[in-house]
1. At 1.4 Å probe size, what's the solvent-accessible area of Trp35? Round to the nearest 10 Å².
2. For Cα pairs less than 8 Å apart in space and 6+ apart in sequence, what is the mean separation divided by the residue count of the range 1-123, i.e. the relative contact order in percent?
3. Can you work out ³J(HN,Hα) from phi for every residue in the range 73-79, in order, using Karplus 6.51 cos²θ - 1.76 cosθ + 1.60 and θ = phi - 60°, giving whole Hz and x for Gly and Pro?
4. Give me, ordered by chain and number, the residues 5 or more places off Gly111 or on other chains with an amide H under 5 Å from its own placed amide H.
5. What is the log10 of I(q)/I(0) for the chain, computed with the Debye formula using one identical point scatterer on each Cα and no solvent, at q = 0.09, 0.21, 0.23 Å⁻¹?
6. Using a Gaussian network for the chain with springs between C-alpha atoms less than 10 Å apart, which of these wobbles most: Thr97, Thr33, Thr14?
7. Suppose we flag trypsin sites (Lys or Arg not before Pro) only when DSSP calls them loop and at most 11 other Cβ atoms lie within 10 Å. Which is the longest uninterrupted stretch of the chain?
8. Starting from the Cα of Lys56, draw a straight line to each of the lysines and keep only those under 23 Å, dropping any in the same chain fewer than 8 residues away.
Amino acid sequence: IYEMMSKHLVYYWTAAYLTPGQATSLWQRNVNTNWKPLLIYSKGEYKGKIFGDVFKSDGNDKEHHKWGQSVSGMSDIISKICLPGQSILDPFCGAGTTGIAALKHSCFFDGIDNELEKVNISKGRINDTQA
């Protein structure tokens with residue numbers, strides 16, 4: 001992912017996104033994990049806020065996607081990194097939670113996913129947010 005993304009954007013930092021609830025077992029590595037890496041890139045020089053590199057959610061949201069994140073968690077990230085009017089790209093947008101949080105913080109959003117069904121869910125949820 002680092003290599004693929006770095007062809008188009010400038011790598012800035014890797015942060016930790018704490019996931020609430022029971023640890024996820026990564027059997028292939030014999031690790032129970034309570035966090036996910038958050039890869040932060042910029043288009044050119046980073047011009048966001050000064051931020052701490054640990055973010056958290058107040059709960060899980062698997063209603064729309066099995067890997068779904070909560071709006072509260074994505075809002076925690078966006079509100080601490082991005083300034084209103086900046087753009088956010090989620091290359092694994094799933095059901096659009098990051099897009100919803102981006103719009104709530106007056107940011108622009110682009111999302112990509114390889115599952116058409118999830119893209120359509122994402123479009124619907126984001127349109128409902130803008131209404």
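The values are calculated or read from the model by the stated rules, or taken from the named source; none is laboratory data. Since this is a predicted model, take the numbers as computed values, not measurements. Neighbour counts are summed over all protein chains in view; Cβ atoms, including those assigned to glycine, are modelled from backbone coordinates with ideal geometry. Accessible surface areas use protein heavy atoms only, side chains included; no ligands, DNA or RNA. Shrake-Rupley method; radii C 1.70, N 1.55, O 1.52, S 1.80 Å.
1. Here the residue's solvent-accessible area equals roughly 120 Å².
2. Numbers: 214 pairs, mean separation 23.5, N = 123.
Computed over the range 1-123, the figure is 19 percent.
3. These are the phi-based 3J(HN,Hα) values: x, 5, 5, 4, 5, 5, 5 Hz.
4. Asp90
5. Ignoring solvent entirely, the Cα scatterers give -0.26, -1.45, -1.60.
6. In the Gaussian network model the winner is Thr33.
7. 67-131
8. Hits, sequence-local ones excluded: Lys36, Lys47, Lys66, Lys80, Lys104.
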